[in-house]
Amino acid sequence: MESQKFLAENSASVYIKKVEARISEESERAKHYLDESTESRIVEVVEEELIKVHMKTIVE
């Protein structure tokens with residue numbers, strides 16, 4: 001998985017900055033191409049997959 005590889009090769013702070021950028025990108029995509037009601041759910045999914053799944057590695 002791309003996120004695992006990036007996190008393994010970079011510090012947690014660099015990873016979090018990348019995650020913030022990715023969340024912003026996905027939010028903008030949702031605003032432009034999807035119904036506005038889907039934006040919050042998309043952000044939730046991105047946060048789940050990029051932060052919560054890797055929480056143990058991030059805090060170590």
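The numbers here are math on the coordinates, done by the rules we state, and not lab data. Because the structure is predicted, anything quoted here is derived from the model rather than measured. Every residue, glycine as well, gets a Cβ built from its backbone with ideal geometry; the counts of neighbours run over all protein chains shown.
Out of everything in segment 1-12 that is part of a helix (DSSP H, G or I) and surrounded by fewer than 11 Cβ atoms within 10 Å (Cβ to Cβ), what residue ends up being nearest to the chain's Cα centre (by Cα)?
E2
Six or more apart or on different chains, Cβ under 6 Å: which pairs go from a residue in segment 1-21 that's farther than 20 Å from V43 by Cα and touching a residue at least 12 places away in the same chain (Cβ under 8 Å) to one that's exposed (fewer than 10 other Cβ atoms within 10 Å of the Cβ) and small (G, A, S)? Could you list them?
Filtered contacts from segment 1-21: no entries.
So how many residues does segment 13-33 have that are more than 13 Å from the chain's Cα centre (by Cα) and of a type in the set (A, V, I, L, M)?
Qualifying residue count, segment 13-33: 1.
Which residue pairs have Cβ atoms closer than 8 Å, lie 6 or more positions apart in sequence or on different chains, and pair a first residue in segment 33-52 that is closer than 29 Å to A12 by Cβ and in contact (Cβ under 8 Å) with a residue 24 or more places away in the chain with a second residue that is surrounded by 11 or more Cβ atoms within 10 Å (Cβ to Cβ) and among the acidic types (D, E)?
V46/E26
Going by what's in this entry, would V45 be described as of a type in the set (V, I, T), surrounded by fewer than 15 Cβ atoms within 10 Å (Cβ to Cβ) and part of a helix (DSSP H, G or I)?
yes
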